[in-house]
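Only one structure is covered here, and it is reproduced in the block below.
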Amino acid sequence: MRRSLCDQRSVHWRNQNTISVDREMSKSGALDLATGVGGKIKKEDVQSAVEQYEKYHVCFGGGEETRKANYSDMVNKYYDLATSFYEFGWGESFHFAPRWKGESLRESIKRHEHFLALQLGLKPGMKVLDVGCGIGGPLREIARFSSTSITGLNNNEYQISRGRELNRVAGLSESCNFVKADFMKMPFPDNSFDGIYAIEATCHAPDAVGCYKEIYRVLKPGQRFAVYEWCMTDHFDPDNESHQKTKAEIELGNGLPDIRTTKQCLDALKLAGFEVISEKDLAADSPVSWYLPLDTSQFSITSFRLTSFGRFITRTMVKTLEFVGIAPAGSNRVSSFLEKAAEGLVEGGRKEIFTPMCFFLVRKPLSES
C-alpha cells in the first residue's frame, strides 16, 4: 500500500512538474502575444509588412505566380506576423491532428507526432531532419519519444530564436538544433539523414517537385520520408466560385502560394524519385473533425482561446493593446486575417474539399538505377 501511495505521489509530482515546465515554455500571456507580433520585423514597420503581405493574395488583388516568385518573402512575413498568435492559441506544435472521442487536442497532437516517428521507424542514434520545423514543438516531442537527434530546418529567424530558447528550457539543446535555410536549397551534403519528415510545412513550397527533390537528395538511400501535406481533395471543384473563395481564404491566412491537390503531391513525390509506401487522407477517418477547435459553433474549456468567445476576448485585447501602443500598429489586422483563415479552414473541412493531413510515406531507393 505504501509503495502504491509513493508511486501515485511520484506520478503526481512528474505530472505537476511537466505542467510547470510546459507553462514556462509556453508564451501564453497577453503581453507575450502583443510584444511578439512582428517577430524580427521592427515594430514601426509591422503595419507596412502586413500591407505588403496582404497584397500577395487574391483577396487583395494578388496572383499565384507573384506568390510563387516571392514565396520566401511572403512566408517570412507571414510567420513573423503570425507566430505569437499561433503560440498563444495553439501551443508549440502548429498543426492539426485526427482525434478520438474523449481525446484532448493536446493529446491528439502528440499522438499524431508519435505516429509519424513510428512510420519512419526512428531508433536511438538516428540523425533526423524536420523540414519547416516552426518553433520546434514536434521536433522536441519526437526527439523525446524516439531518442533521436533532430535538426530543424526553418527560414524564419524569429521562429528559430524562439525554438532555441524552448530547446534550452526543455534540456534538448545538445540533441536538437536549428538551421536557418530555405528548404528549396538545403545546406546539407547528399545522403545526410537517416529519416526526414515534414508536418504541414512543404505546402509553402512554390514548386513541390523541387522541394521533394531536395529532400530526396539529403536523405540516405533506403531511408524514409514522411509528410503531412495540405491538399485540396477530389471534392474540390476549381470552377466552383464558393470553393475558390474558401481556397483563397486559406491561402491568405496561412501564407501559401497555392494549395495543391492530393494527386499533384503524389505525382510530385514520384517525379522526385521516391517509392511510395503508403498514402492516406487521415482526416477522412477521424472520429472527431480535425477543424473542431476552429469551429465557433462549438465550445471547449481546454481550447477556450479558439472558441468564439475566446477569439472575441483576444481580438478586443489586441485592439486595446495596439491602441495604447504596447502592440505594434497592424496587430489587429493580423488577427483579422488569421480569423478569416480559420473560417476558410472550417468551411473547407465541412465541404470536404480541403485536408491538412494527407499522409504520404515514401522511400528513397537503395539504388538510383
Test: residue in segment 131-142 that is assigned to a helix (DSSP H, G or I), under 19 Å from the mean Cα position of the chain (by Cα) and over 20 Å from residue 83 (Cα atoms): yes
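Quick grid of which residues meet (1) modelled with pLDDT under 90; (2) under 30 Å from residue 285 (Cβ atoms); (3) not aliphatic (A, V, I, L, M):
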position	(1), (2), (3)
325	yes, no, yes
331	yes, no, yes
340	yes, yes, yes
343	no, yes, yes
346	no, yes, no
350	no, yes, yes
367	yes, no, yes
So residue 67, is it in a helix (DSSP H, G or I), modelled with pLDDT of 90 or more and basic (Lys, Arg): yes
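Does segment 303-322 include one or more residues that are open to solvent by 80 Å² or more (accessible area, probe 1.4 Å), touching a helix residue (DSSP H, G or I) at 6+ places or on another chain (Cβ under 8 Å) and at pLDDT below 80?
Here is the first cut: in segment 303-322, the ones open to solvent by 80 Å² or more (accessible area, probe 1.4 Å) are 305, 309, 312, 319.
After this cut, where a residue has to be touching a helix residue (DSSP H, G or I) at 6+ places or on another chain (Cβ under 8 Å) as well, the list is 305, 319.
Those still in the list that are at pLDDT below 80 too: 305, 319.
Yes, that holds for at least one residue.
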Residues of segment 144-162 that turn out to be outside any strand (DSSP E or B) and touching a helix residue (DSSP H, G or I) at 6+ places or on another chain (Cβ under 9 Å), as a count: 10
Test: residue in segment 272-289 that is aromatic (Phe, Trp, Tyr), modelled with pLDDT of 90 or more and under 29 Å from residue 205 (Cα atoms): yes
Positions within segment 157-166 being crowded, with 24+ Cβ neighbours inside 10 Å and over 13 Å from the mean Cα position of the chain (by Cα), in sequence order: 163
Lone qualifier among 44, 107, 87, 113 - being surrounded by fewer than 14 Cβ atoms within 10 Å (Cβ to Cβ) and assigned to a helix (DSSP H, G or I): 44
Residue match in segment 135-155 (condition: among the acidic types (Asp, Glu) and open to solvent by 10 Å² or more (accessible area, probe 1.4 Å)): yes
Residue in segment 139-157 that is of a type in the set (Gly, Ala, Ser) and in contact with an Asp or Glu (Cβ under 8 Å, 6 or more places away or on another chain) present: yes
Tally of residues being among the small types (Gly, Ala, Ser) and more than 25 Å from residue 256 (Cα to Cα) across segment 205-224: 1
Matching strands (runs of 3 or more DSSP E) fully within segment 184-292 where at least 3 residues are crowded, with 21+ Cβ neighbours inside 10 Å: 193-199, 219-232
Some residue of segment 117-130 being surrounded by fewer than 21 Cβ atoms within 10 Å (Cβ to Cβ) and free of Cβ contacts under 8 Å to residues at least 12 places away in the same chain: yes
Among (1) closer than 27 Å to residue 276 by Cβ; (2) in contact with a Cys (Cβ under 7 Å, 6 or more places away or on another chain), the one test that residue 140 misses: (1)
Sole residue being among the acidic types (Asp, Glu) and without any contact (Cβ under 8 Å) to a residue 60 or more places away in the chain, chosen from 190, 194, 207: 190
Meets criteria (of a type in the set (A, V, I, L, M), within 28 Å of residue 123 (Cα to Cα) and within 21 Å of the chain's Cα centre (by Cα)) for residue 181: yes
Condition met for residue 295 (among the acidic types (Asp, Glu), open to solvent by 70 Å² or more (accessible area, probe 1.4 Å) and either farther than 28 Å from residue 67 by Cα or at pLDDT below 90 (or both)): no
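The values are calculated or read from the model by the stated rules, or taken from the named source; none is laboratory data. Quick caveat, the model's predicted, so the values are computed rather than measured. Using ideal geometry, Cβ is built from the backbone for each residue, glycine included, and neighbour counts are taken over all protein chains shown. All accessible areas refer to the heavy atoms of the entire protein, side chains included, with ligands and DNA or RNA removed. Shrake-Rupley method; radii C 1.70, N 1.55, O 1.52, S 1.80 Å.
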